[in-house]
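Worksheet: one structure, shown below.
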Amino acid sequence: MKSIVILISGRGSNMEAIVRAAIPGVRIAAVISNRPDAAGLAFARAHDIPVAVVDHKAFADRAGFDAALAAEIDARGADLVVLAGFMRVLTEDFVRRYEGRLLNIHPSLLPAFPGLHTHRHALASGVRVHGATVHYVTATLDCGPVVIQAVVPVLPGDDEARLAARVLEQEHRIYPQAIRWFAEGRLGFDPSGRVRISDEPVSSSGCIVPPVEA
Ligand code: GAR
């Protein structure tokens, strides 16, 4: 059983999709928010998932906040930390601490449109396709080895809201998929930039696990 901790800042619809996916071999150890008023906390509480708030406003600097956040995560014993609409820039120390077990979802086809207002930028740039990316987090914002992407068309008459809704539907599909692969031991993280998704489960040493004889 793998324990995951999900970090949110607001609505929490990706967290909700992950919870509803009920991924075999995954236990959601906690949902943690940096905002006490994050709407997603109510859903987590209603589903008996332990919740915690580490309010970034209570800390003088990023390092202090990240240290408190890491203490909260480690107290839950997370095998994987899942950023799901977590809108804080993390320090390099934090990212290093969780290297290879820190995932993020970003509403664009990275490396296109990092940062905020991705749908606005996609519309303004005239691209014909847009989408979402699940990636391992590295020290560079909205960067890091790509695990899975989903592509949607940009349609005539789209505005930000319509395009965002089309992308969000795909986010809710690909984030549980990425976590399923993780739980199955099929995700290989390579800090140099590529993610290997194997057809067979891998052991922690990276060796293919032989099938168990009946
Ligand atoms: C999602 O669209 C997610 O991709 C985005 O915030 C939204 C959160 O929605 N994340 C980022 O922009 C991170 N750079 P949710 O709270 O309903 O999951």
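Projecting the Cα atoms of Ser3, Ser125, Ala21 onto the charge dipole of the chain, computed from C-beta unit charges around the Cα centre, puts Ser125 farthest toward the positive end.
Given a Förster distance of 22 angstrom, what is the FRET efficiency for Glu169 paired with Val129, based on the Cβ-Cβ distance and rounded to 0.05?
For R0 = 22 Å, the calculated efficiency reads 0.90.
Specify, per residue and in Å³, the volume enclosed by the convex hull of the alpha carbon atoms belonging to the chain.
In the chain, the Cα hull volume divided by residue count equals 137 Å³.
Note on Leu155 and Ile197: the extension gain reaches 12.0 nm, defined as 0.36 nm multiplied by sequence separation minus the Cα-Cα distance.
Quick one: of the DSSP bridges fully inside the chain, what percent are antiparallel, nearest 5? Bridges in the chain are about 45 percent antiparallel. Each peptide in 188-195, 20-27 receives the mean, over its residues, of other Cβ atoms within 10 Å, and ordering these scores from highest gives 20-27, 188-195. Go ahead and run the numbers for FRET between Ala21 and Arg162, Cβ-Cβ distance against an R0 of 35 Å, rounding to 0.05. The pair Ala21/Arg162 has a calculated efficiency of 0.90. For segment 89-146, trypsin sites (Lys or Arg not before Pro) meeting the loop criterion (DSSP other than H, G, I, E, B) and having at most 10 other Cβ atoms within 10 Å: Arg128.
Would you mind calculating the gained length between Asp48 and Ala68 on full extension (0.36 nm times residue separation, minus the Cα-Cα distance), in nm to one decimal?
4.9 nm
Using θ = phi - 60° in the Karplus curve 6.51 cos²θ - 1.76 cosθ + 1.60, the 3J(HN,Hα) couplings for segment 57-72 round to 5, 7, 10, 6, 8, 4, 4, x, 5, 5, 5, 5, 5, 4, 4, 5 Hz; x is entered for Gly and Pro. Subtracting the Cα-Cα distance of Arg96 and Leu116 from 0.36 nm times their residue separation leaves 4.9 nm of extension gain.
Descending by average beta-carbon neighbour count within 10 Å, the peptides 79-85, 130-136 line up as 130-136, 79-85, the highest first.
Calculate what fraction, in whole %, of the accessible area of segment 1-92 sits on carbon and sulfur atoms when a 1.4 Å probe is rolled over the protein chains.
51 percent
Under the combined filter of DSSP loop state and at most 16 neighbouring Cβ atoms within 10 Å, segment 94-198 retains these GluC sites (Glu not before Pro): Glu99. Would you compute, from DSSP H runs of 4+ residues alone, the mean residue ellipticity of the chain at 222 nm, taking -39500 (n - 2.57) per run and dividing by the full residue count, rounded to the nearest 500? The per-residue figure over the chain is -10000 deg cm²/dmol.
The values are calculated or read from the model by the stated rules, or taken from the named source; none is laboratory data. Predicted model, so just to flag it, every value in this text is computed and none were measured. Cβ coordinates were reconstructed from backbone atoms using ideal geometry, including for glycine residues, and neighbour counts include every protein chain displayed. Remember, those area values only see protein heavy atoms, side chains included, never the ligands or the DNA or RNA. Shrake-Rupley method; radii C 1.70, N 1.55, O 1.52, S 1.80 Å.
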